[in-house]
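What follows is a set of notes on a single structure, which appears directly below.
The values are calculated or read from the model by the stated rules, or taken from the named source; none is laboratory data. The shown structure was predicted, so the numbers you read here are calculated from the model rather than taken from an experiment. Virtual Cβ from ideal backbone geometry, glycine too; neighbours counted across all protein chains shown.
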Amino acid sequence: MHQQIPHESAALHVTGEALYIDDLPSSPSLLIGRVVYSPYAHARIVSYDLTKAREAPGVVAVLSAKDIPGHNQMGPVVKDEPCLAAEGVTFIGQAVFLIAARTDAQCRAAEKLIDVKYVPLEAILTLEEAIAANNLLGPPRRMQRGDVEVALGSAPHVLKGELRTGAAEHWYLETQAALCVPGEGPEMTVYSSSQNPSETQKLVAEVLGVKKKDVVVEVRRIGGGFGGKETQGNHVACWSALLCRATGCPVKIRLFRDEDMIMTGKRHRFLTRYEVGFDDQGKLLGVKFELNSDAGAATDLSFAIMERAMFHCDNAYYVPAIDVTARVWRTNLPSNTAFRGFGGPQAMAAMETVIDRVARYLHKDAAEIRQANFYGLEQDNVTHYGQVVENNRLHTIFDQLMKSSEYAARRKAVQEFNAANEFWKKGLALTPVKFGISFTTSHLNQAGALVNIYSDGTVLVNHGGTEMGQGLHTKIQQIAATELGISIDRVRVNATNTSKVPNTSPTAASTGTDMNGMAVKHAVETLKDRIAECVAALFNERDPSAVHTAKGDCCFESDVIFDSRHPERRIGFAEAIPQVIVRRVSLSATGFYRTPGIGWDKTKGVGTPFRYYAFGMAVSEVLVDTLTGAMTLLRTDILHDAGDSINPGIDTGQIEGGYIQGLGWCTTEEIKWDSAGNLMTHSPDTYKIPTAKDIPIDFRVTLLEQATNPNAIYGSKTVAEPPFMLGLSTWMAIKDAISAVANHTVEPEYALPATNEVILLSIEKLRNMMKVNASEPVHA
Amino acid sequence: MKNCIAFVLDGKVVEVAFGTTSLFTPTTTVLNYLRGLPHHRGVKEGCAEGDCGACTVVVGELTAAKKVEYRAVNSCMLFLPMLHGKQLITVENLKGPAGELHPVQQALVNAHGSQCGYCTPGIVMTLFALYKSASKPSREEIADTLAGNLCRCTGYRPLLEAAAEACSGDGRDEFAKDEARVVDLLNSIPCEGISISSGEQCYDQPASLNACLALLEKRPDAIVVNGATDVALRVTKEFEVLPQIIDCSRIDELREVASDSGALTIGAGVRVSEVMKIVRHDFPAFHQMLELFAAGQIRNVATLGGNVGTASPVGDALPVLIAYGASFILRSRKGTRTVRAAEFVRGYRKTERRTDELITSIVLPRPSARTKIRFYKVSKRRNLDIATVSAAFKLDLDRGGRVDDIVLVYGGMADCTKRSVTTEGFLKGKPWDRRYVEEAQRLVDNDFSPISDVRGSAEFRRIAARNLLLKFWSETNV
């Protein structure tokens, strides 16, 4: 426990032996599936003819909505997402037909033979258009505390503005994929790259018109998820399942990269309007937020995402009076979905903009304003939804990081550099993250496990979480091995399988280890109890002296079970197991966990939605070429709270990876659609995630010490999503560098992502403004 | 050797036949070939366009010194016949005889270098080639080498650390022990040209320049490739069937380099990664451009001739070549001619090259010590990105500090690489002072009508283009 052991699949990864969906051994009858999608953002389907395509060489099936034996729906929460479009299409990339053939080339040839007539309709493609057309996806929501109007009215200073944050593509390296293998009668096994196998099972059963007992979903590992396979992994599974059922053959679909990018949802774009009132010291007195998100064509998880945004628009700051209004808008784009941070990043970007503006307005260092507004330890420690910020580490992290990053000295150096350089400007910024851990949909906070111990003393652990690179299975392996006091190589974590652990929640909301780890621990405790009883009896039988071993005396350590009061009474773990079997005691146990202490009133927007908060901070320094908009990330220092880390190697990797993903969202990752709703950035040729050359030249990541978390397994704390939002430190540092062009006297125009174009155009505006200002006396 | 190629895989010579009954066509990619085999599924498709590196494999090639040289390449863009006479190494080949991990694999495990693992086989292969280069790379060189491998999980830091740990040695490993045997195997493969005809396609890989020129005359419609890193996209992304291909990658004459006091002559078939070594000292602006040219796996197959031959309006090489006053040698059976780089491109992807001609070499005149040449690339991401705007500028000042000669070439500002003639004319004879440069900045606008596209708005392009002139001044006014 608390050791830096490598990822359980590391050796398989580096040898190429790790199997992903597309690598699974295939049978000679395997068919390749292909999705034919809508070329229109909004259109009516008038007619289609599949005859020629069905007769094409190698083609075994061509399906339309009419061929769906069950329910034509795959909306995860709201049933507003058809599996195949029937009467009309509502975005480019929406599935309309499915083809199964021997080869992909045959599928593509057959696709050209499908004759379909659409009547294009007017499409809504931007938030502005959606707002203008009042195209709300559902009723607006509101959370408030205090009287914002009074606070703003009496505040010494008031600023308002708006911020746009962009969409982003998950860019998991493994595109969406599923392989369906038919069984007897209604049975089917689905090998899926899904973060939510239970939901995949449910939706496959529904579209096939069978029961869940007939469908088994198995996920060995996911080649990257990041939220993109929380709901939208279901789609390819449903499509493959339909083709599998229609043909009676195994069918595999792996989306081509461009098609994956075109067909699947992104991070929600946000348009946030804000108004802030503050005093001379920069203390926030009241903030009003109006959050608008672009849901795309269907609901997916948009309301839950907006809810998390509402919970996180305070980020790390106490705001006495706050009013958050949230609206989710429908557009004719693929349905946007979960993405690491789940609305948190968009809301935090707005709050950090507020803080940054206050600092510039008051000519103060933004870090000072941040510190002045952090949630307090004893007071000012209740969020706008009424949850107390307990075990608040903000002040500890801030103090340590300001020192270790040499913030003050570097601030001075940056100022000197900027004074001495006309064309190059540096920027420096610290940003915090406070992130609530738990599903805000409270019933999802449950997990199950099934642990089997075999007669040779080896252990197979099943649990409901999926392994997508985050190291969940490694941590689970560590937990099971620690609890049983055995070496880690005796434990294997099985592929996630709906027939082993039923009714599971998605591996999402950063809860994977917290919840599944506890469920596994509970299962292991049951087994230990049974084993201990047998072993105690064994000890007492072998040596019927006055000494008596009770089951509670049995200790499990170093592959040995012994009586803690009489350590000479001992038996090897592997030796003990056959003794348990001889005694006819079960070595298979389930475990279950429900997160305690949470609950909130959705209608009032008040309660304790989170088990605990994760905290972290980053300081980033950038160099901006003010003539080209090019940005170099010079240094980033991160101090993150991972509690008593179960595996510091894995957690550090999550922090670094999350931060770099956030960096991409904040800088180079720009999603663009054209005026017809076509995704223009549909491949890595135009969609730019960070490379090894984009990470900070000097990158220092540290885990907070002495940070035991009382609310999760072994004092640990999840890492997962929160570090993503530390990418905002870079975004703010870039703004600081831009602002230096006008010597921090003017609020620069800014947006997210801060591409080189956004940077250069903002600088150009500042320069022109300066020129006008400089020439004013002449005109006067 | 008609309709058949041979290469070394898994320690033995493998032959692949083409033809109507074959599973493969001459434009089957190495990636798809490998993934069709039962035991080579470690190689992954991440993008099918050479932008992610998940499909990276290593190609071993005989050098003149009878050693094997290892290059990391994107198998998704490599046509199967390009393996002829070479060794193909995949991630499955790296484990030792007793199943022990290769040093680069072990270093990645130790450094927590894999998370989801999907990009990992590609990263292993990139680092394996780096390991074999025994180059003791710096952190920056490692990052540069890895720039062609996208990873969405790790944030790269552990990868850099693993590479630094593993790739600091002399490249000794099991492959070194087996090298003599592999050399013999490679030598056993007949080295004559190949000519494949398979269904609707014919694919020729001539082994000499003369043979190539004869083919060009015979097949005016053929697509000429060397590394094919541009043309391959028509197959892997557009699913086109390319009927006629002439592949020049086996022609030794195209790989010659000659240098004298006046000029450096680089064969059109010299790979970009090789060109980088050749120009590093004497042509720094050229080198600077190549550092931003795609990524390692592409530079390891792409050639200079190919880059200028495609005449992309945003091609990286042409602006610099024009600034250096380079010229291209074009050969056909009828003769040889020289075309100045500045006059080579005639429009969108249109060039001076006749269909029977081949670009055989690029002549780079050595600039005088006083000449200042710079290259700038404005792109959303620094590496492995296509320019929104690029520029190559050349400046000669006279003894009085006046502009004697100036060349201002822009990419991304028009449908082809184009000079800002008005600005050049204005600046000629003027002192190289900021006020003239600022005046000249306005003229840049007049010479171009850039478009808005996915890579940037017209306004952004205009501002960047103007600013680059000021940037050039700021770097050369001392």
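Filter the helices (runs of 4 or more DSSP H) completely within region B:243-323 down to those with at least 2 residues that are more than 21 Å from B:V378 (Cβ to Cβ). Explain how you work it out, then say what you get.
On the way: elements: B:272-279, B:284-291, B:296-299, B:304-310, B:317-323.
Passing ranges, in order: B:272-279, B:296-299, B:304-310.
Are there any pairs with C-beta distances below 6 angstrom linking a residue in region A:377-398 that is more than 21 Å from A:L726 (Cα to Cα) to a residue that is aromatic (F, W, Y) and in a loop (DSSP other than H, G, I, E, B), with the two at least 6 apart or on different chains, and if so which?
Hits for this filter: A:D380/A:Y318; A:N381/A:Y375.
Being of a type in the set (A, V, I, L, M, F, W, C) and more than 24 Å from B:P243 (Cβ to Cβ) is the filter here, so list the residues in region B:1-30 that pass it.
Hits for region B:1-30 are B:A6, B:F7, B:V8, B:L9, B:V13, B:V14.
From the list B:C153, B:C191, B:C202, which residue is of a type outside the set (S, T, Y), in a strand (DSSP E or B) and either surrounded by fewer than 21 Cβ atoms within 10 Å (Cβ to Cβ) or within 14 Å of another protein chain (Cβ to nearest Cβ) (or both)?
B:C202
Quickly run through region A:1-11 and pick out the residues that are touching a residue at least 24 places away in the same chain (Cβ under 8 Å), surrounded by fewer than 22 Cβ atoms within 10 Å (Cβ to Cβ) and facing another protein chain (nearest Cβ under 7 Å).
A:P6, the sole residue that qualifies.
May I ask you to verify whether B:A143 is more than 30 Å from A:D698 (Cβ to Cβ), surrounded by fewer than 23 Cβ atoms within 10 Å (Cβ to Cβ), among the aliphatic types (A, V, I, L, M) and within 14 Å of chain A (Cβ to nearest Cβ)?
no
Could you list all residues from region A:341-382 that are farther than 19 Å from A:A754 by Cα and among the charged types (D, E, K, R)?
A:K364, A:D365, A:E368, A:R370, A:E378, A:D380
To keep it simple, each residue is scored yes or no on (1) at pLDDT 95 or above; (2) under 26 Å from the mean Cα position of the chain (by Cα); (3) under 18 Å from A:G277 (Cβ atoms).
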site: A:M348; (1), (2), (3): yes, yes, no
site: A:L362; (1), (2), (3): yes, no, yes
site: A:E368; (1), (2), (3): yes, no, no
site: A:V388; (1), (2), (3): yes, yes, no
site: A:R393; (1), (2), (3): yes, yes, no
site: A:I397; (1), (2), (3): yes, yes, no
site: A:S404; (1), (2), (3): yes, no, no
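Scan region A:323-363 for residues that are farther than 23 Å from A:A155 by Cβ and assigned to a helix (DSSP H, G or I) and report the count.
Here the count works out to 3.
Identify, by number, the condition in (1) among the small types (G, A, S); (2) more than 24 Å from B:S361 (Cβ to Cβ); (3) without any contact (Cβ under 8 Å) to a residue 60 or more places away in the chain that B:S208 doesn't meet.
The failed condition is (2).
Pick from region A:526-546 the residues that are in contact with a helix residue (DSSP H, G or I) (Cβ under 8 Å, 6 or more places away or on another chain) and among the small types (G, A, S): which of them is surrounded by the fewest Cβ atoms within 10 Å (Cβ to Cβ)?
Out of the qualifying residues, it is A:A536.
Taking B:V124 and the conditions (1) within 9 Å of chain A (Cβ to nearest Cβ); (2) out of contact with any helix residue (DSSP H, G or I) (no Cβ under 8 Å at 6 or more places or on another chain); (3) among the aliphatic types (A, V, I, L, M), which numbered condition does it fall short on, given that it satisfies the others?
(2) is the only condition that B:V124 fails.
Run down A:D314, A:D300 and say which single residue is assigned to a loop (DSSP other than H, G, I, E, B), within 17 Å of the chain's Cα centre (by Cα) and of a type in the set (D, E).
A:D300
Name the one entry in A:A712, A:A740 that is surrounded by 22 or more Cβ atoms within 10 Å (Cβ to Cβ), among the small types (G, A, S), under 22 Å from the mean Cα position of the chain (by Cα) and more than 14 Å from chain B (Cβ to nearest Cβ).
Answer to the selection: A:A712.
Taking A:C555 as the residue in question, decide whether it is touching a residue at least 12 places away in the same chain (Cβ under 8 Å) and in a strand (DSSP E or B).
Yes, satisfied.
Please state which one of A:S198, A:S194 is hydroxyl-bearing (S, T, Y), more than 23 Å from A:S27 (Cβ to Cβ) and either away from chain B (no Cβ under 14 Å) or not in a strand (DSSP E or B) (or both).
Being hydroxyl-bearing (S, T, Y), more than 23 Å from A:S27 (Cβ to Cβ) and either away from chain B (no Cβ under 14 Å) or not in a strand (DSSP E or B) (or both) holds for just one of A:S198, A:S194, which is A:S198.
Go through (1) at pLDDT 95 or above; (2) over 17 Å from the mean Cα position of the chain (by Cα); (3) away from every other protein chain (no Cβ under 14 Å) one by one and return the number of the condition B:F79 breaks.
If we test B:F79 against (1) at pLDDT 95 or above; (2) over 17 Å from the mean Cα position of the chain (by Cα); (3) away from every other protein chain (no Cβ under 14 Å), just (2) comes out false.
Considering region B:236-248 alone, what residues qualify as being out of contact with any strand residue (DSSP E or B) (no Cβ under 7 Å at 6 or more places or on another chain) and not aromatic (F, W, Y)?
Selection gives B:K237, B:E238, B:E240.
Could you list, in sequence order, all residues of region B:426-450 that are within 13 Å of B:L470 (Cβ to Cβ), surrounded by fewer than 14 Cβ atoms within 10 Å (Cβ to Cβ) and not acidic (D, E)?
Correct list: B:R434, B:R435, B:R442.
Residues that are away from every other protein chain (no Cβ under 14 Å) and among the small types (G, A, S): does region B:157-164 have at least one?
no
Among (1) assigned to a helix (DSSP H, G or I); (2) more than 14 Å from chain A (Cβ to nearest Cβ); (3) surrounded by fewer than 16 Cβ atoms within 10 Å (Cβ to Cβ); (4) in contact with a strand residue (DSSP E or B) (Cβ under 8 Å, 6 or more places away or on another chain), where does B:T423 come up short?
For B:T423, the exception is condition (3).
Name the single residue, out of those in region A:161-187 being free of Cβ contacts under 8 Å to residues at least 60 places away in the same chain and touching an Asp or Glu at 6+ places or on another chain (Cβ under 7 Å), that is farthest from B:G155 (Cα to Cα).
Going through the qualifying residues, I end up with A:P186.
Scan region B:370-389 and tell me whether some residue there is under 20 Å from the mean Cα position of the chain (by Cα), surrounded by fewer than 17 Cβ atoms within 10 Å (Cβ to Cβ) and more than 14 Å from chain A (Cβ to nearest Cβ).
No: zero hits.
Which condition does A:L98 not pass, out of (1) of a type in the set (A, V, I, L, M); (2) within 14 Å of chain B (Cβ to nearest Cβ); (3) in contact (Cβ under 8 Å) with a residue 12 or more places away in the chain, if it passes all the others?
(2)
From the list A:V46, A:V36, A:V14, A:V62, exactly one residue is without any contact (Cβ under 8 Å) to a residue 60 or more places away in the chain, touching a Phe, Trp or Tyr at 6+ places or on another chain (Cβ under 8 Å) and either farther than 30 Å from A:G485 by Cα or within 14 Å of chain B (Cβ to nearest Cβ) (or both). Which is it?
Exactly one of A:V46, A:V36, A:V14, A:V62 is without any contact (Cβ under 8 Å) to a residue 60 or more places away in the chain, touching a Phe, Trp or Tyr at 6+ places or on another chain (Cβ under 8 Å) and either farther than 30 Å from A:G485 by Cα or within 14 Å of chain B (Cβ to nearest Cβ) (or both), namely A:V62.
Mind counting the residues in region B:230-242 that are in a loop (DSSP other than H, G, I, E, B) and either within 13 Å of chain A (Cβ to nearest Cβ) or of a type outside the set (A, V, I, L, M) (or both)?
Number of matching residues: 6.
Report those strands (runs of 3 or more DSSP E) wholly inside region A:562-678 carrying at least 1 residues which are out of contact with any Lys or Arg (no Cβ under 7 Å at 6 or more places or on another chain) and facing chain B (nearest Cβ under 10 Å).
Here the list reads A:612-625, A:631-640.
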